[in-house]
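Asker: This is the structure I have questions about; it appears just below.
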Amino acid sequence: MGRKIKGSHHHGAKDPEKQRQNREAKFKSKINNRPGKEDMQEIPKSMKIMMAARQNLNIYKRDRKDKGDKSVLDSARHITQEPWMPGMKKPLKPIPRFKQRDGEHKRAFYYRMHNTIQEMKSQRDYETKFKVEIQRDQTGESRVVDAEVDEVDAEAFKLKKEKLAKKGIVVRTKEEKRKLRREREKARKNKGKKGKSNKSNEEEDEPTIDFSTFNDSVEFGEVVHAPPTLQYKNKKIEAAATQSDGQAVERKPGRGDLLLKQKLGGGAAGVSKKAKKAMNKPSLARQAVMEKERERVVDAYRALKAQRYAS
């Protein structure tokens, strides 16, 4: 005969309909029911667990910070304030404090510290080279001001200035150089304005020409056969035509071998005096020959232009 195994016994109502009613009675008031606060949504349970875990972690970190964790690298443990020595007239610059951040690796901490030190060294070299001082305010904005002149540097500059003055070399301070540079800039800007003002004054002084006085009287029945000839000499042309030895070169226009002359078969010889006289008072036969020659030249010129455009 085997051992009797105890099982769970149901001590409630045996009727399943009553069991269903009891189950529905637990969430009867929650079905199709409006929330108590419409503008507020309950935080999920998982979110509440995460918030509690984070709060417990912050408490743990604060306790470690208060106790002073030895594993966190902090340069404040090794900083010693330098004593105030006699002869010091301005305070030393504060030494930066380097502390390892939460979750920062040692290598990243050393790299950040190295970069900060290099920036401080380059700033010190800049201040020493240009005799200035870089000051920073609470917001982090920096401004450059002239550094205070040290007594030793002032005495050395004075001796150098006296030594160079004997050689005729003038040594100026930064303020004097800055003043001279401003004066030069001011003179350069006013230079154009002065030129314009002088030009306007000269224009005002020049007398105005009244062209109404130039009248040309034309008689009735007068006929003009050609434009007037200008009787003047151009100095530039005469200077260009003059040789280096001072002898003037006779200008001979029309003597060049032009393209149209080559096309017509004409030479480079000039026109004789007899031909000029004949051209001034030509006869009727001469006029007919000249008209034919003119038409031939015009046709040859047009053919030459058309050939050039085609090519």
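Asker: Would you check which residues across region 78-109 are over 19 Å from Arg136 (Cα atoms) and within 38 Å of the chain's Cα centre (by Cα) and list them?
Answerer: Selection gives Ala108, Phe109.
Asker: If you check Arg77 against the conditions, is it in contact with a strand residue (DSSP E or B) (Cβ under 6 Å, 6 or more places away or on another chain) and at pLDDT below 85?
Answerer: No, not satisfied.
Asker: Within region 118-134, track down each residue that is without any contact (Cβ under 8 Å) to a residue 12 or more places away in the chain and either of a type outside the set (A, V, I, L, M) or exposed (fewer than 10 other Cβ atoms within 10 Å of the Cβ) (or both).
Answerer: Listed by number, the residues that qualify are Gln118, Glu119, Lys121, Ser122, Gln123, Arg124, Asp125, Tyr126, Thr128, Lys129, Phe130.
Asker: Can you tell me which residue among Val171, Val149, Val132, Val145 is hydrophobic (A, V, I, L, M, F, W, C) and farther than 21 Å from Lys89 by Cβ?
Answerer: Matching residue, one of Val171, Val149, Val132, Val145: Val171.
Asker: Only one of these conditions is not met by Ala52: (1) modelled with pLDDT of 85 or more; (2) in a loop (DSSP other than H, G, I, E, B). Which number is it?
Answerer: (2)
The values are calculated or read from the model by the stated rules, or taken from the named source; none is laboratory data. These figures come from a predicted structure and were not determined experimentally. Reconstructed Cβ throughout: ideal geometry from the backbone, glycine too, with neighbour counts over all protein chains shown.
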